[in-house]
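Every read-out reported here was derived from the displayed coordinates using simple, explicitly stated rules and does not represent laboratory data. All values derive from a computational prediction rather than experimental measurement. Cβ placement follows ideal geometry from the backbone for every residue including glycine, while neighbour counts extend to all protein chains displayed.
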Amino acid sequence: MFESAELGHKIDQATYDKEVPKLREALLQAQIDLAKTAKFPVIILVSGLDGAGRGETVNLLNEWMDPRFLQTHGMGKPSDEERDRPMMWRFWRELPPKGKIGIFLGSWYTWPIIDRVHGRMSSADLDQSLERAKRMENMLISEGALIIKFWLHLSKEKQHNRLKGLENTPKTRWRVTKRDWSHYKLYDKFSAVHESVIRHTSTAQSPWIIVEGFDAYYRNLTVGRMLLAALCKRLDEADKLPADTTVAPPLLPSIDHLNILKTLDLTHKMGKNEFEKALEKYQGKLALLTRTKPFKKYSVIVVFEGNDAAGKGGAIRRVTGALDARYFNIIPVAAPTEEERAQPYLWRFWRHIPRRGRVTIFDRSWYGRVLVERVEKFCSEADWMRAYSEINDFEAQLVRHNIIVVKFWLSISKEEQLKRFKEREAVPFKNYKITADDWRNREKWDEYEQAVSDMVDRTSTKIAPWTLVEANDKDFARIKILKTLCEQIEAMLKKNRIAIG
């Protein structure tokens with residue numbers, strides 16, 4: 001694979017000096033067109049061997065292009081804050097919005113490659129990491145992003161010559177580190193891993209562009225021209241791309257019209273005395289679980305979904321009543337803002353992933369895509385159909401990083417909802433809770449019920465199961481939620497043989 005990149009490509013200075021002004025002008029115009037249309041973001045990955053000119057290439061692109069529409073991210077060794085979250089978090093938070101270009105010096109491939117070469121990761125683990133990277137790229141592309149991946153390559157001999165040349169020049173000596181020479185000694189191992197990575201992750205939608213990096217003139221012109229061609233092609237196609245379509249079979253209700261929500265016994269009740277005793281018990285247990293030293297190795301994400309007026313707010317208050325206010329956060333999810341609409345769908349949820357030892361509560365969540373967006377047709381069928389697997393992958397990444405994901409669906413009957421709606425209209429300090437959207441959603445009760453059933457069927461996994469809560473009686477629902485939350489935290493701690501006092 002790399003042999004084809006080792007042809008000794010060279011460009012003379014006269015040709016370079018002649019071509020650069022025209023190239024820079026065209027790149028700037030493409031940037032302006034991208035910013036004006038703001039229909040898609042551009043993500044550029046610059047990877048490759050030490051000494052192949054990655055940093056110089058990134059610096060040159062920053063010199064040639066308009067910094068107002070360009071964001072550059074040097075993804076070095078993860079910080080403590082980044083290590084507290086799943087690996088992809090640090091990349092999600094830096095994604096460019098529509099209309100801008102994001103350059104990543106280093107990428108979601110960098111550290112898996114290094115870990116594999118140094119034996120800290122098995123071949124199977126690397127393969128799984130590459131599959132996660134491919135799924136992320138496919139999702140970003142489905143959300144409209146243009147991904148351009150450059151791999152700057154050098155032969156072993158040329159890498160040695162390049163590093164020596166930099167080291168022997170006073171102005172560039174600082175660029176060569178002990179790490180560079182350490183990696184050079186492992187050239188053959190790196191080369192084998194690099195070939196495997198490129199072979200498995202160069203796809204039709206986001207192929208690797210391999211560029212010989214020894215001659216700076218050739219490298220710079222090649223990267224600049226490839227970037228320009230990709231930008232212009234995508235800008236020309238922006239209004240011509242076909243709408244997303246799905247080839248999956250339609251999701252239909254069961255022929256006997258029975259679904260999982262209809263199997264719930266909504267007559268469960270709990271007396272006041274029983275409720276008070278249970279509340280004290282489970283709030284106390286939750287307080288203990290989240291304040292012990294072992295919990296500091298974990299974090300918790302609690303998802304609250306449910307029918308309108310099902311009691312999510314009251315349930316959340318009973319949960320937070322047991323938590324240290326310094327270590328929890330509540331994220332109320334409403335219609336996306338302009339900033340959020342300029343990013344991929346899951347971006348606004350990735351940005352709120354908690355650090356270790358903390359709890360984040362989502363009052364509604366990423367499941368909006370397969371619920372309200374599906375029913376109200378705010379997104380295409382292809383969008384919400386692919387969301388099931390994207391959500392499962394997202395939650396799998398969370399759980400893999402010792403994040404305990406607890407998901408609640410609060411279910412009430414149609415009659416109980418009507419009663420609560422009327423109460424909200426009658427009580428002045430509850431008026432704000434009832435809106436025209438609530439009444440409109442109620443008219444689509446059956447459609448929402450089907451969407452919820454499909455959601456539970458497709459996203460209730462072993463690692464992140466749904467807990468369906470019978471919520472006609474608020475006290476019963478609140479205790480079931482607290483008890484379940486305690487059980488799931490305790491089960492995770494015990495699974496890892498951490499004793500709780």
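Along the Cα→Cβ direction, 7 angstrom out, place labels at residue 164 and residue 267. What is the inter-label distance in nm?
It is 8.8 nm.
Which shape class applies to the range 260-495: rounded if a/c is under 1.5, otherwise prolate when a/b exceeds b/c and oblate if not, where a ≥ b ≥ c are the square roots of the Cα gyration tensor eigenvalues? Walk me through the numbers before you get to the answer.
Values: a/c = 1.59, a/b = 1.08, b/c = 1.46.
In terms of gyration-tensor shape, oblate.
Just report the Cα centroid separation between the range 311-327 and the range 73-138, whole Å.
34
Is there a quick way to get the dipole size of the chain? I mean about its Cα centre, with the Cβ of Lys and Arg at +1 and of Asp and Glu at -1; what is the value in debye to the nearest 20?
Result for the chain is approximately 1940 debye, rounded to the nearest 20.
Name the residues whose placed amide hydrogens come within less than 5 Å of the amide hydrogen of residue 100, ignoring near sequence neighbours (fewer than 5 apart) on the same chain.
HN-HN under 5 Å from residue 100: 42.
Quick check for me: using +1 on Lys/Arg Cβ and -1 on Asp/Glu Cβ, what's the dipole size of the range 48-199 about its Cα centre, in debye to the nearest 20?
About 320 debye.
Nearest 10 degrees, 0 to 90: what angle lies between the long axis of helix 381-400 and the longest principal axis of the chain (Cα atoms)?
That helix lies at roughly 90 degrees to the long axis.
Given the DSSP H assignment, sum -39500 (n - 2.57) over each helix run of at least 4 residues in the chain and divide by its residue total; what's the result at 222 nm in deg cm²/dmol, nearest 500? Please list the in-between numbers first.
On the way: 20 runs with 247 residues, N = 501.
Roughly -15500 deg cm²/dmol at 222 nm, from the helical runs in the chain.
I'd like the distance separating the alpha-carbon centroids of the range 281-310 and the range 197-233, in whole Å.
47
Dipole of the chain (Lys/Arg Cβ +1, Asp/Glu Cβ -1, origin at the Cα centre): which of 146, 187, 211 lies farthest to the positive side?
187
Going 7 Å from the Cα of residue 33 toward and past its Cβ, which residues in the range 199-234 have a backbone nitrogen under 14 Å from where you end up?
Counting backbone N atoms under 14 Å from the label point, the list is 227-234.
Starting from the alpha-carbon convex hull of the range 3-237, give the projected area averaged over all orientations, in nm².
13.3
How far, in nm, would the chain grow between residue 440 and residue 188 when pulled straight, counting 0.36 nm per residue and subtracting the alpha carbon separation?
84.4 nm is the gain from fully extending residue 440 to residue 188.
Please compute the contact order of the chain in relative form: average sequence separation of alpha-carbon pairs under 8 Å and at least six residues apart, divided by the residue count, as a percent.
Contact order relative to length: 18 percent.
Assign one of three labels to the range 137-219, namely rounded, prolate or oblate, based on the Cα gyration tensor with a ≥ b ≥ c the square roots of its eigenvalues; rounded applies when a/c is under 1.5, prolate when it is not and a/b is larger than b/c, and oblate otherwise.
prolate
Order of 83, 120 from fewest to most other C-beta atoms within 10 Å?
120, 83
For mean projected area of the Cα convex hull in nm², several values are listed as [x] 28.1; [y] 26.9; [z] 32.2; flag the one computed from this structure.
Recomputing mean projected area of the Cα convex hull in nm² here gives the entry labelled [x].
As a footprinting exposure proxy, order 372, 319 by other Cβ within 10 Å, with the fewest listed first.
Least to most surrounded, the residues fall as 372, 319.
For the range 358-408 and the range 423-476, what is the centre-to-centre distance using only Cα atoms, to the nearest Å?
The distance from the Cα centre of the range 358-408 to that of the range 423-476 comes to 16 Å.
As I understand it, the dipole of the chain uses +1 on the Cβ of Lys and Arg and -1 on the Cβ of Asp and Glu, about the Cα centre. Which of 328, 362, 251 lies farthest toward its positive end?
Farthest along the dipole direction, towards plus: 328.
Would you work out which of 421, 78, 391 lies farthest towards the positive end of the dipole of the chain, given +1 charges on the beta-carbon of Lys and Arg and -1 on that of Asp and Glu, about the Cα centre?
Of the listed residues, the answer is 78.
Given H placed 1.01 Å from N in the peptide plane, which residues other than close sequence neighbours of residue 212 have an amide H under 5 Å from its amide H?
Amide H neighbours of residue 212: 153.
Given Cβ point charges of +1 (Lys, Arg) and -1 (Asp, Glu) and nothing else, what value in debye, to the nearest 20, does the dipole of the range 328-473 about its Cα centre take?
Here the size comes out at about 620 debye.
Give me 379, 486 ranked fewest to most by other Cβ atoms within 10 Å of their Cβ, as a rough exposure proxy.
Going from least to most buried by this count: 379, 486.
I need the GluC sites (Glu not before Pro) found in the range 396-443, filtered to DSSP loop residues with at most 10 other beta carbons within 10 Å of theirs.
The qualifying sites are 443.
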